[in-house]
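The values are calculated or read from the model by the stated rules, or taken from the named source; none is laboratory data. Note that the structure is a prediction, hence the values are computed from the model and not measured. Glycine gets a Cβ as well: all are built from the backbone with ideal geometry, and neighbour counts include every protein chain shown.
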Amino acid sequence: MSHSKKSQSVLTSTIQYRYIIECKDKTVELEVANQDVINNADDEIDCPLDVVLRKNNYDLSDLTSWNAREIRFVKVNDDEEYVLKKVLLNMNL
């Protein structure tokens with residue numbers, strides 16, 4: 001493979017981020033804007049969930065009403081999904 005072909009394939013890869021919220025009766029997927037993705041103090045890729053919820057016209061109370069069980073922050077690269085962070089919710093209210 002020539003160098004130019006390798007460079008071209010790197011340029012065409014698409015990286016996106018999203019939150020996937022597994023609920024009792026449904027799965028909610030929220031797109032994450034690239035400008036909202038940060039490197040946190042531990043140098044890990046992160047994005048504040050409250051910001052993503054607000055941009056999608058939701059708030060933290062919606063997690064309760066959806067009966068949210070698990071929240072995953074994922075990176076999607078060329079249709080491959082990589083879990084960056086997973087939070088299990090034990091909501092026994």
Within segment 59-87, residues being in contact (Cβ under 8 Å) with a residue 12 or more places away in the chain and surrounded by 11 or more Cβ atoms within 10 Å (Cβ to Cβ) number 18
Can you name the helices (runs of 4 or more DSSP H) wholly within segment 1-71 that have at least 1 residues being of a type in the set (Lys, Arg), farther than 17 Å from Val83 by Cα and modelled with pLDDT of 95 or more? 49-55
